Amino acid sequence: MRFVDEFRDADTARALATRIAALCEPGRRYAFMEVCGGHTHTIYKHGLEDHLPESIRLVHGPGCPVCVLPMGRVDDAVAIAEQPDVIMTAFGDMMRVPGGRGSFFDAKAAGADIRMVYSPLDALKIARNTPDKHVVFMAIGFETTAPSTAMTVLRAAREGIENFSVFCNHVTIIPAIKAILDSPDLRLDGFLGPGHVSTVIGCRPYEFIARRHGQPLVVAGFEPLDILQAVHQLMRQRREGRCEVENQYSRVVPWQGNRRALEVIGEVMELRPWFEWRGLGFISQSAMQVRDAYAAFDAERRFAVPGVRVADPKACQCGEVLKGVLEPWECKVFGTACTPETPIGTCMVSSEGACAAYYNFGRFSRSRVRAGSAGPTPLADPVVLR
Amino acid sequence: MSAPQGNAPARAGWAEEAVATHAGAEHLRTEEQVLERVERARRRRPRVREERITLAHGAGGKATRTLVEAVFVDAFRNPVLEQLEDGAAVSVGGARLAFTTDSFVVSPLFFPGGDIGDLAVNGTVNDLAMCGARPLHLSVGVILEEGFPVADLQRIAASMARAAAAAGVEIVTGDTKVVRRGQADGCFLTTAGIGVRERDVTLGAATVRPGDAVLVSGPIGDHGVTVMLARGELDIEADVVSDTAPMHGLAAALLDAAGDGARVLRDATRGGVATILNEIAGAAGVGVVVDEAAVPVREEVLGASELLGIDPLYVACEGRLVAVVDAARAAAALAALRAHPLGAGAALIGHVADDPPGLVLLRTAFGGTRIVDLLVGDPLPRIC
Ligand code: SF4
């Protein structure tokens, strides 16, 4: 894991942290939103916030594809899975997302054939091997995962596989960022741009954020040093009074994006007029559906999908939390009706959602870690075998 | 932004119900009050909310614990069971015994480094060893699916015999049932075992105290990653084999070296090292602070885990123990582990602190800190 370690070095992190701290103006507070769930994961997994000064806050945005899926779509998917001779396939992190009538795990326990896969190609393989069943792939995710769904549909078409379709829930990142930017009570100082999505769409589409909304954006990679580096770039822009789109992740992300991937998506999918986002409501042109030419591979057309809409309970304040306007504990149902065991809102669904993280770890505040009350690890024996 | 269609949205019954149930709760103004309420809710007796068993109930995490406490501990309530250790420490006519049972439903049945047979013998031997006992006699219950190849069964039995011989135990009784095709997955095994506790030492998570050292007997996650890869759902190959092994010798060496400084031994099976440490932190009301850089993980396991999107801390081992010992005995205990063939990769991975009670903290190699919580169910691979 040499390649990885070089992006996780604690000394480099400390040096970078000092430089970030030096850029803070006294008395000023900063809030940066990481749009991507992958970033949230890295931040949490490596304890990255310990390297940031108190005055910098990272706000977890709407970029977790399973968390933004509205309950109604989960119910629709369960309805498809419950039809006779259907095998529903989904990524692992989809399994526990609750709909209005429970999650995939619940449906599976009640008898539906739902299987975990690592890629849509695995689902296609199941279709090939079980010709007497119809295999549906629960397609979720941003522009990151859409190309592989599209490729799989093309492949199924080429091979003439008739017992395969996708339930398309792919969403696009830009309209979601727009919806957040349009919120009147937004208080942010910049964005960490999603690395994987940008490998597909490039950096161009973010330019309006800098130009029209006066917010800097730095596209960042997924190693912890990538993120620290990107925070440093954001702070430098703020310090120098600039608002630009910068690319910290240029080792992977081309400024123009990946034309081929975009073409494949465009071949198979088109924008929907509307799509509902959990916590953010309906956003126009924010998701994709399968084109007419590939209707045979569209689960929505092959099955009588009920088109369930489940309203988020009125008390739910996820929108405000997602936008960084409210702290999780300020939500009216936090910790009472809404807990990680019974998540009502999107931010409680995955363990990295802002509310779930706060519920589990809020009682152990960062300041206590910083004060060092937990003490250093006294290593009696420094020999480390790795 | 207005909704595009006219039809009125449904309401999620369970969510509305939950909101209504708590409608009377006053809205608290300060963060401390809210956190206090969360704390109180956490301490309440566990309740199983699901109407049906899901796979999460068998994964060893929060869901398993809730199920065990709410259904079994509640029904069987007695002081021995309530310890929730790997095995039960009982006394019969002055003889100090250890007694335990375990079921095995692994898929595939044969994997690099072992099969369900040696896994079932070693698993029960290890549960006894973790009680500080010398394993003596085992029983085995076999559930077979109609159509299961007899040759495979012979192979499994041979492997059990070998494992029993290696562990110095005898399989002295058993039972066989056959169920219709589709009612089991090939072959399920249940083993139970008794052993004798010859040492005058009280082991248990409740004896752990701040300042103690936390040891692990070798690289973690080998078994779980091997089995995940052997399922062939992924096109990843890695040079890793299961670590399944009987650990009674290793445990004895450790107990000899640590003497009365030994606090608790645990077999880091389902749920991995993270789950064990959480159980210890919870039972003893202490914090456990782990140094990420000190946790031994093979490069192959680390690489496969990155690709699978899972954390090796939660991956099962079948031949690794976690030990908490008095810090003054830590060096001796570590040396004893390393001198044993099964413990060559042993390491001191952290220590016990008085704060924060009930939590496991990880000091990351990156220089940060995070909390290592119990998972709800299986570690689910992430896509984003
Ligand atoms: S507590 Fe629940 S409903 Fe409230 S903001 Fe958080 S996730 Fe949403």
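Just wondering, is there one or more residues in region A:272-279 that are more than 9 Å from every other protein chain (Cβ to nearest Cβ), under 29 Å from A:Gly195 (Cβ atoms) and without any contact (Cβ under 8 Å) to a residue 60 or more places away in the chain? Looking through region A:272-279, at least one residue is more than 9 Å from every other protein chain (Cβ to nearest Cβ), under 29 Å from A:Gly195 (Cβ atoms) and without any contact (Cβ under 8 Å) to a residue 60 or more places away in the chain.
Kindly list, by first and then second residue, each pair from a residue in region A:345-372 that is facing chain B (nearest Cβ under 9 Å) and at pLDDT 50 or above to a residue that is part of a loop (DSSP other than H, G, I, E, B) and more than 16 Å from the ligand (Cβ to nearest atom), limited to pairs with Cβ atoms under 7 Å and residues at least 6 apart or on different chains. Note: pairs meeting the criteria are A:Asn360/B:Asp373; A:Phe364/B:Pro356; A:Phe364/B:Leu359.
Return only the number of the condition from (1) in contact with a strand residue (DSSP E or B) (Cβ under 6 Å, 6 or more places away or on another chain); (2) away from the ligand (no atom under 16 Å from the Cβ) that A:Gly324 does not satisfy. Answer for A:Gly324: the failing condition is (2).
Each residue in region A:297-321 was checked for being basic (Lys, Arg) and within 12 Å of the ligand (Cβ to nearest atom), and 1 of them qualify. Among the residues making up region A:50-96, those that are small (Gly, Ala, Ser), touching a residue at least 40 places away in the same chain (Cβ under 8 Å) and within 14 Å of chain B (Cβ to nearest Cβ) are A:Gly61, A:Gly63, A:Gly72, A:Ala79, A:Ala90.
Residues in region A:333-351 that are near the ligand (Cβ under 7 Å from one of its atoms) and in a loop (DSSP other than H, G, I, E, B): A:Val333, A:Pro343, A:Ile344, A:Gly345. In region A:288-300 there is at least one residue matching the filter, namely being of a type in the set (Ser, Thr, Tyr) and either within 14 Å of chain B (Cβ to nearest Cβ) or in contact (Cβ under 8 Å) with a residue 12 or more places away in the chain (or both). Of the candidates B:Ala262, B:Ala252, B:Ala283, B:Ala257, the single residue that is surrounded by fewer than 23 Cβ atoms within 10 Å (Cβ to Cβ), at pLDDT 95 or above and more than 25 Å from B:Asp118 (Cα to Cα) is B:Ala257.
Number of residues in region A:53-75 that are of a type outside the set (A, V, I, L, M, F, W, C), part of a helix (DSSP H, G or I) and either under 17 Å from the mean Cα position of the chain (by Cα) or under 14 Å from A:Phe275 (Cα atoms) (or both) equals 2. For region B:21-42, the tally of residues that are in a helix (DSSP H, G or I) and more than 8 Å from chain A (Cβ to nearest Cβ) stands at 5. Counting only strands (runs of 3 or more DSSP E) that sit completely within region A:109-197, those holding 2 or more residues that are in contact with an Asp or Glu (Cβ under 8 Å, 6 or more places away or on another chain) and in the same structural domain as A:Pro84 (by TED's automatic domain parsing) correspond to A:164-170.
Go through the residues of region A:86-95 one by one and say whether even a single one is assigned to a helix (DSSP H, G or I) and surrounded by fewer than 21 Cβ atoms within 10 Å (Cβ to Cβ). Yes: region A:86-95 contains one or more residues that are assigned to a helix (DSSP H, G or I) and surrounded by fewer than 21 Cβ atoms within 10 Å (Cβ to Cβ).
Kindly indicate the residue of region A:158-216 that is under 30 Å from A:Asp122 (Cα atoms) and of a type in the set (Phe, Trp, Tyr) and also surrounded by the most Cβ atoms within 10 Å (Cβ to Cβ) among those meeting that condition. Within region A:158-216, the match that is surrounded by the most Cβ atoms within 10 Å (Cβ to Cβ) is A:Phe164. The residues in region A:311-339 that are surrounded by fewer than 24 Cβ atoms within 10 Å (Cβ to Cβ), closer than 17 Å to A:Pro70 by Cα and in contact with a helix residue (DSSP H, G or I) (Cβ under 6 Å, 6 or more places away or on another chain) can be counted, and the count is 2.
Scanning region A:108-125 for residues that are within 10 Å of chain B (Cβ to nearest Cβ) and either free of Cβ contacts under 8 Å to residues at least 12 places away in the same chain or under 18 Å from B:Glu51 (Cα atoms) (or both) yields a total of 5. Of all the helices (runs of 4 or more DSSP H) wholly in region B:271-356, which have at least 2 residues that are among the charged types (D, E, K, R)? Ranges flagged: B:299-308, B:327-339. For region B:43-150, the helices (runs of 4 or more DSSP H) that sit wholly inside it and include 2 or more residues that are surrounded by fewer than 21 Cβ atoms within 10 Å (Cβ to Cβ) are B:62-67, B:79-82.
When B:Gly309 is tested against (1) in contact with a Pro (Cβ under 7 Å, 6 or more places away or on another chain); (2) more than 9 Å from chain A (Cβ to nearest Cβ); (3) on the phi > 0 side of the Ramachandran plot, just one condition goes unmet, and that condition is (2). Taking the criterion of being closer than 23 Å to A:Tyr206 by Cβ and not assigned by TED's automatic domain parsing to the domain that holds A:Asp50, would at least one residue in region A:227-243 satisfy it? No: zero hits. Could you please tell me which pairs satisfy a Cβ distance under 9 Å, a separation of 6+ or placement on different chains, a first residue in region A:307-318 that is touching a residue at least 40 places away in the same chain (Cβ under 8 Å), and a second residue that is among the β-branched types (Val, Ile, Thr) and more than 8 Å from the ligand (Cβ to nearest atom)? Short answer, once both residue conditions are applied: A:Val308/A:Val74; A:Val310/A:Val74.
The values are calculated or read from the model by the stated rules, or taken from the named source; none is laboratory data. Computed from a predicted model, the values in this text were never measured in an experiment. In this analysis, Cβ positions are derived from the backbone assuming ideal geometry, glycine residues included, and neighbour counts consider all displayed protein chains.
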